[in-house]
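The structure appears below as structure tokens.
The values are calculated or read from the model by the stated rules, or taken from the named source; none is laboratory data. This one's a predicted model, so the numbers in the text were calculated from it and none came from an experiment. With ideal geometry, Cβ positions are generated from the backbone for all residues, glycine too; neighbour counts draw on all protein chains shown.
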Amino acid sequence: MKISKVILYDEPTVAEIKIEEIKQFITDTFQIKVEINGNFFERLENETFEKIASTRIFDLKKQFRKHIATQEEIQIERESQDTAEQDIMILYDGFELQNIIAENISITDDTLHIVFTNKLTATFDNDDFRYHARALISSNPTIISTTGMVEAPAKPKQYYLDLMTNFSEEKIEAVKEKYKGEFLEYHDPRLSGIAEGYVLQAIMYYTTGDAFCESKECRLFNSHWQKDLFHSQLENKKLCDKHLEELKGIFT
């Protein structure tokens with residue numbers, strides 16, 4: 001799919017996402033127009049907030065079923081535009097949320113909409129019959145979850161083993177301090193560099209139908225572990241030869 005423009009929707013509660021730098025990254029990489037809009041969720045009608053609340057996931061082991069949102073849930077949706085989502089930690093069905101976003105913007109084939117949000121998106125995996133948190137929900141519109149960037153890729157294995165003996169607040173903080181720097185945290189300065197990689201994956205998927213690469217030495221690698229995410233997006237920051245050739249051919 002050939003595109004001539006990308007529209008970015010900012011997430012103001014996550015100041016570490018440098019939206020202007022991401023705009024420049026897209027312009028430099030793809031030589032296309034980039035427009036920055038504000039928070040997509042900021043000016044929605046009450047009916048749309050109700051629809052969003054109905055996409056919440058309550059059982060990780062059951063496929064999605066819409067539920068009737070309560071007034072309290074709708075109010076939380078409205079108020080969450082001014083607070084960090086990790087304080088609430090609600091899971092949303094990524095594809096259902098994507099459909100709601102699509103209903104509220106004008107979709108054309110030549111313009112890709114990329115929505116940053118602090119909402120934690122997830123998709124149901126038919127291989128193990130459970131939901132998994134996702135940082136990226138591809139297609140048009142694309143959703144990039146800033147909370148998913150922190151929560152979806154796994155932390156070091158030993159981190160989880162250290163937590164198994166004691167789940168007290170003091171123990172959790174001690175373990176976090178022990179492994180500090182080995183995984184993303186909320187308001188981590190590395191978030192924006194990681195976000196660039198997800199934007200690259202989103203654009204490559206929409207234009208070529210191929211979002212991921214099997215090589216950890218490629219920025220299109222689908223990292224399931226934080227250490228791999230750091231390597232592909234912050235240390236290596238390159239495409240493999242195959243995907244570099246694909247990139248060169250996209251807009252020529």
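Tabulated data for the structure shown
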item: Whichever residue in segment 156-176 is within 27 Å of the chain's Cα centre (by Cα) and among the hydrophobic types (A, V, I, L, M, F, W, C) and, among such residues, is surrounded by the fewest Cβ atoms within 10 Å (Cβ to Cβ); result: L161
item: Residue within segment 176-186 that is aliphatic (A, V, I, L, M), out of contact with any helix residue (DSSP H, G or I) (no Cβ under 6 Å at 6 or more places or on another chain), within 26 Å of T117 (Cα to Cα) and at pLDDT 95 or above present; result: no
item: Filtered residue count, segment 89-123, keeping only those that are over 22 Å from I22 (Cβ atoms), out of contact with any strand residue (DSSP E or B) (no Cβ under 6 Å at 6 or more places or on another chain) and not in a loop (DSSP other than H, G, I, E, B); result: 6
item: Selection within segment 183-215 - surrounded by 14 or more Cβ atoms within 10 Å (Cβ to Cβ) and among the charged types (D, E, K, R); result: D188, R190, E196
item: Whichever residue in segment 56-105 is of a type in the set (A, V, I, L, M) and exposed (fewer than 14 other Cβ atoms within 10 Å of the Cβ) and, among such residues, is modelled with the highest pLDDT; result: L60
item: Filtered residues of segment 30-48 (kept if crowded, with 17+ Cβ neighbours inside 10 Å and either of a type in the set (A, V, I, L, M) or within 20 Å of the chain's Cα centre (by Cα) (or both)); result: I32, V34, N39, F40, F41, L44
item: Residues of segment 1-24 that turn out to be over 19 Å from T208 (Cα atoms) and buried (at least 16 other Cβ atoms within 10 Å of the Cβ), as a count; result: 12
item: Boolean, K61 is basic (K, R), touching a residue at least 60 places away in the same chain (Cβ under 8 Å) and in contact with a strand residue (DSSP E or B) (Cβ under 6 Å, 6 or more places away or on another chain); result: yes
item: Filter pass, A152 being among the hydrophobic types (A, V, I, L, M, F, W, C), under 22 Å from Y9 (Cβ atoms) and touching a residue at least 60 places away in the same chain (Cβ under 8 Å); result: no
item: Among residues of segment 1-44, those that are aliphatic (A, V, I, L, M) and more than 30 Å from K248 (Cβ to Cβ), counted; result: 3
item: Residues of segment 106-144 satisfying the condition of being aromatic (F, W, Y) and buried (at least 23 other Cβ atoms within 10 Å of the Cβ); result: F116
item: Residues of segment 142-175 satisfying the condition of being under 30 Å from F116 (Cβ atoms) and either among the polar types (S, T, N, Q) or outside any helix (DSSP H, G or I) (or both); result: T142, I143, I144, S145, T146, T147, A152, P153, A154, K155, P156
